[in-house]
Amino acid sequence: MSTEHPTGSTSSLRRTHRGLTLRHLLIDGEASRTKIAERLGLSQMAASRIARELIEAGLIEEAGQATREAGPGRHATQLRLRNQGVYAAGIAFSAYSTEVAIVDASGRVVARKIVDIKRHDDGASALCLLSDALIELIEAHSIPRDRLVGVGVVLSAYLDTSRNRVVSASYLGLEPFDVVEPVTTRTGLPATAENINNALALAEANIGIAKEYDNIVVVRSATSIGASILQQSSIVRGHGNRAGRIGHVRHCATKLTCSCNRNDCLNCSASGWSVLVRQGIASGEVYDSTHIQQYASAIENMVGNVGRDDSWPPKLCRDLRSAGGALADFLLTVDQTIDPEAILLAGSMSRIPDYVTGIEQRLRKLGDNGEATLAKLRVGEIRAVRAAAILVLLEKVYSSNLDLAAFQDRSAGGSKPRLRAGAST
Ligand SMILES: [Zn+2]
């Protein structure tokens, strides 16, 4: 990760250093006061003061015995995050995932619930139901409200530049609507919204398998295909916050018709929906957003059959590899255009071995350039609802936005912070 060297007033500098200290502990697991001082370019005294403030606020703790560090008389107790110091909630709303979850300070899921949503085309109503389910989850697991910093909402939709409002979700069949307001009103918690691909990129780059990287591309392949670009640890949003619509990049002419009415989009060659059409599972060759849940459940069925040898007809394997191959062509272009440190595959299709094999085989056939792209390829680990909650942690805790006074007040008023809820997943 990159270490900023901020400028500004003393108090804003201290806010920045607190956020950076927490971020180092999130990424490294443990660090001594001396190490923190070195990494942030602070005096030992300044690092010790920040550590004391964060300990008093119940956000970090000392871990075990002191160990000897280089230099005369330097004994250093390791510091680590206090997992039950902070919680964040997540809501995921896509054809695959209508789910709520709560994570602890390290971004680990401590409670999770799948919510049955009958109608996907009414976004505001769906978010109200999901918010109600979240409140139940918070209560059922006795999550201390005063340590819950907010709710992240992720959607497979494009948001306006304020990230409060869905402006485009033709793939889900959604009309534009306000995302944040119903969640805030229903839960009484601050809410923040994000496109699902962007949330996955931020989560993977801070807590997941790409946490040592600042420049990554996440390509999410499910019913359709989307991407997110993280450049110097910031999301590349584009002019209208709609960067990453790679499903509509031209690939080759097919008999299929994409949601945008073209027949040559990457969606027609490389998506889960394109495999369903070629298998005769999706009715017709025209993408129909009213069938999104049938598409999603058919792909989930395939994922559920992974590992069962008898359920994979040769034609299905061929179609999956061919779709993976089409995506590989695009991944090479991405690598050559952006040169990220890693390319992460996400989404349900990334969990189907034949699809991933198709990507790998095609990249190997593309010579040295393909091999170079293949060397950067990883399969992501973090799921949408967890990414939603991690998003809030990154915004409210692991940044200069951290409201330390709020935690200090709570700790002072109520002696020790309450214990973590018992649930874990
Ligand atoms: Zn298209």
ask   = Is there a residue being more than 18 Å from the chain's Cα centre (by Cα), within 26 Å of Thr357 (Cβ to Cβ), at pLDDT 95 or above and in a loop (DSSP other than H, G, I, E, B) anywhere in the stretch 267-274?
value = yes
ask   = What number of residues within the stretch 136-175 satisfy the criterion of being open to solvent by 10 Å² or more (accessible area, probe 1.4 Å), β-branched (Val, Ile, Thr) and outside any loop (DSSP other than H, G, I, E, B)?
value = 2
key: Filtered residues of the stretch 279-312 (kept if free of Cβ contacts under 8 Å to residues at least 24 places away in the same chain and over 15 Å from Met349 (Cβ atoms))   = Gly280, Ser283, Gly284, Asp288, His291, Gln294, Gly307, Arg308, Asp309, Asp310, Ser311
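Let's see how each residue does on (1) modelled with pLDDT of 95 or more; (2) of a type in the set (Asp, Glu):
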| residue | (1), (2) |
| --- | --- |
| Ala105 | yes, no |
| Val109 | yes, no |
| Glu136 | yes, yes |
| Val151 | yes, no |
| Arg165 | no, no |
| Pro176 | no, no |
| Val179 | no, no |
message = Going residue by residue through the stretch 191-200, is there one that turns out to be open to solvent by 10 Å² or more (accessible area, probe 1.4 Å), hydroxyl-bearing (Ser, Thr, Tyr), farther than 20 Å from Ala105 by Cβ and in contact (Cβ under 8 Å) with a residue 40 or more places away in the chain?
response = no
ask   = If Asn215 passes every condition in (1) within 11 Å of the ligand (Cβ to nearest atom); (2) in contact with a strand residue (DSSP E or B) (Cβ under 7 Å, 6 or more places away or on another chain); (3) polar (S, T, N, Q) but one, which one does it miss?
value = (1)
query = In this structure, is Gly247 away from the ligand (no atom under 14 Å from the Cβ) and among the small types (Gly, Ala, Ser)?
reply = no
message = Taking the criterion of being open to solvent by 10 Å² or more (accessible area, probe 1.4 Å), part of a helix (DSSP H, G or I) and over 21 Å from Ser274 (Cα atoms), would at least one residue in the stretch 357-364 satisfy it?
response = yes
message = I'd like to know if the stretch 282-301 contains one or more residues that are among the polar types (S, T, N, Q), away from the ligand (no atom under 16 Å from the Cβ) and touching a Lys or Arg at 6+ places or on another chain (Cβ under 8 Å).
response = no
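The values are calculated or read from the model by the stated rules, or taken from the named source; none is laboratory data. Since we're looking at a predicted model, the values are computed, not measured. As a convention, Cβ positions derive from the backbone with ideal geometry for all residues, glycine included, and neighbour counts pool all protein chains shown. All accessible areas refer to the heavy atoms of the entire protein, side chains included, with ligands and DNA or RNA removed. Shrake-Rupley method; radii C 1.70, N 1.55, O 1.52, S 1.80 Å.
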